[in-house]
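We did not get these values from a lab; they are worked out from the coordinates using the rules stated. Since the model is a prediction, treat every value here as computed from it, not as a measurement. No Cβ is skipped: glycine too gets one built from the backbone with ideal geometry, and neighbour counts run over all protein chains shown.
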C-alpha cells in the first residue's frame, strides 16, 4: 500500500506542529512550505481539512498560524490515515460492485490481502503523533523571525 501525497503532507503538518508545540508563536503555512518545499496553496487545503477535523486550531492575521487542538498523544496515526486516504481497495475483488474476477469464489488472495491490511492498520492504530516526533517539544525554540530554518529532529527535505 502506498500513501497519497495528501496523507504524506498531512502527517508532516501534524508532526511539525507537534514538534513546535512548546513554542510561543504558532506554526505558519509558509514556515512548513519553506522547510519541506511544498506548495503553500496545497498546504492551505490540508490545514483547512485538519481544522475541519478538529485536529488544528487556526488563527488568521498577523501573528496567526496553527496549533494542535489535541495533545500529540491523543492523535492516532491510524485514524489520520483512514481520514485522509480515499481508497483501500487493494485489488478488484475488494469492491463487490466492480468485481469481475472469475476466481473470486475459490481464491484465497482476497483473504490474505485483507488480513495484511488489517495488520497494517493494527500497527498504525498503536501509534500516536507523539510517537512520531523524536524531539521533545520543549527543545524547539521560538524562531527570531516568522520563518524557521528547521525543526530539530524532523527532516528538512521531503522523504
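Inter-label distance, residue 73 to residue 132: 1.8 nm, where each label sits 7 Å from its Cα along the C-beta direction.
Stretched out straight at 0.36 nm per residue, the stretch from residue 83 to residue 40 would grow longer than its current Cα-Cα span by 13.3 nm. Fully extending the segment from residue 98 to residue 124 would add 6.5 nm, taking 0.36 nm per residue of separation and subtracting the current Cα-Cα distance. Extension gain for the segment residue 107 to residue 25, taken as residue separation times 0.36 nm less the Cα-Cα distance, is 23.9 nm to one decimal. Listed peptides 18-30, 106-118, 57-69 appear in the order 18-30, 57-69, 106-118 once ranked by packing, highest mean of other Cβ atoms within 10 Å at the front.
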